[in-house]
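This report concerns only the one structure given below.
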Amino acid sequence: MRQLPCLQELRINGCLDEACPEWLHEIASLRRVQAKYLPFAESADVLRECNLDAIEYTMESGDGPIETDGFVLGLERLVVGTPCGNSLRELNIRGNQLGSVPDCLRSLQLQVLCVSETGITALPSWISELPLIFLDLSTNPLLATLPASLHSLTTLRALDVRETNLGGPQIDFSADAETDTTEPTLWIGGDQGPYDGGGSQNIGDCFLEVVRRDSILGPLSRALPALRLRLHEIPCEMREGHDSYKDSGLENNWWHERCGYDWIDPIFYTCDGCRLTSTDGLEAARSAIGMARRARLAWRVVPCSD
Amino acid sequence: MYQTVGSVSNSFCQPLYGNIRRLCIDVAWCAHIPPETGDQFVQLDSATLFGTHDEKTEAQYEEDSRFELPTFLRHLPKLQLLELYKIGIQEFPSWFAALPLKELYVEFACPAENYSGEFLNRNLLDSAWVGDVSCLSRSLELMAFCDCGFGVLDTEGL
């Protein structure tokens, strides 16, 4: 393989017991590496010498992030002061337990960063120093806020916050089976999160949370008009169980404030074969959002006094 | 009469096959495809050959080891992407390196659960072509090896 003069991309997913082969840096044309389930710390020492544009080093258990020995230290060795760190533009470390976004990424020129399912609870304010175009924060159920500095990240075009405490409603099919109703529910993390045996709540039972998210999403979208937000997870029951889903284009419905819809609207999470049977909670949530928006607006407008 | 039918058949097949860009072929069919068939697929740029079992017994691995890539592949002038899905190919033919491939995807089969330890011929679990530096097309830009759940790649040989 090292004698292939045009090789630009190598994907080694679950096929190696050991780290990446040491001679990988000999492939001068190599720009992208995708690896799953490889020992990271050892692989980092190999990859750091490569002039890579993109690295995908992911774990996908489906049960939450996986703790990898020496992952953050390995990441530092990979990118700090190395040829790889200088050239790297895309990094996907989905599924690795981090807790927080590693500081060593701060000095990079990343345009794409995926820290999905990494257990992060907050974003550092320095995230806006990166020239990011796409940021994937999905499946981090303890993530409930975004730093104010994100409003100045004008390069950002796409933000994925599905299955975080910033995401939009979805249909909960497990509740559907029990109650024979189809209502929108909101993914709630924290102690009620999916990894703790919790899950989602009917949107009509969590107005405060709906209003809180609206107070974060709206201003962000106004500050970054070119930004598109992916907020709504489509449950596998809908993806696999409804033919109309395939033609619905739901995956393409990313939200922004001027799109003509609220982020809680069913257009983002229902299709012809799967409609809501009750919208009471949704309408109540919409009213709560409207009141909060008007209150915020009134708070900003200083009335003239005679 | 035969020539007439033949010419009608050709004039029918060329526009039909000549516009096909992608083929997926069950491995069981490969032995029945005449080599010259490839000449009719002048626009074909992507081919997938797929095996029938995700998990294989030693006998199935042995059967795979006798599998030969169909020679019609070498007659496809625009073939750039080849997927080999769950086929335990041991060696590529000598003409394989001359294919104009840019992308090669290989998904290995798994030994049947609780069975791998009982393989008498464990060489069957390793694909010999992985260690043959000369068998791959030098035009390759992407190589992808996919989950097998069992250590298959010998990196010394890569």
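Every number here is computed from the coordinates shown, using simple stated rules; none is lab data. In this text, all values refer to a predicted model and were calculated from it rather than measured experimentally. Heads up, the Cβs are rebuilt from the backbone with ideal geometry, glycines too, and the neighbour counts pull from every protein chain shown.
Only helical runs count toward this figure. For chain A, summing -39,500 (n - 2.57) over DSSP H runs of n ≥ 4 and dividing by all residues gives -7500 deg cm²/dmol at 222 nm. Using every pair of separate Cα atoms, the Kirkwood estimate puts the hydrodynamic radius of the range A:39-120 at 12.5 angstrom.
Based on alpha-carbon atoms, the Kirkwood radius and the radius of gyration of the range B:20-146 give Rg/Rh equal to 0.97. Charging the Cβ of each Asp and Glu at -1 and of each Lys and Arg at +1, and nothing else, the dipole of the protein assembly as shown about its Cα centre rounds to 2200 debye.
For the protein assembly as shown, the antiparallel share of DSSP beta bridges with both residues in that region comes to about 10%.
Other residues lying with their Cβ under 10 Å from the Cβ of A:G218 contribute a combined charge of +1, Lys and Arg counting +1, Asp and Glu -1. Mean-square fluctuations from a GNM of chain A, with a 10 angstrom spring cutoff on Cα atoms, peak among A:A285, A:A295, A:A54 at A:A295.
Helix A:280-300 and the long axis of chain A differ in direction by around 90°, with both axes built from C-alpha atoms. For A:R296 and A:A226, the FRET efficiency from 1/(1 + (r/R0)^6), where r spans their Cβ atoms and R0 equals 22 Å, is about 0.40. Among the lysines, which have Cα under 24 Å from the Cα of B:K56 when same-chain residues fewer than 8 positions away are ignored? Counting by Cα, and skipping residues close in sequence, B:K56 has these lysines nearby: A:K36, B:K86. With 20 Å bins beginning at zero, the pair-distance distribution over Cα atoms of the protein assembly as shown amounts to 20, 44, 30, 5, 0, 0 %.
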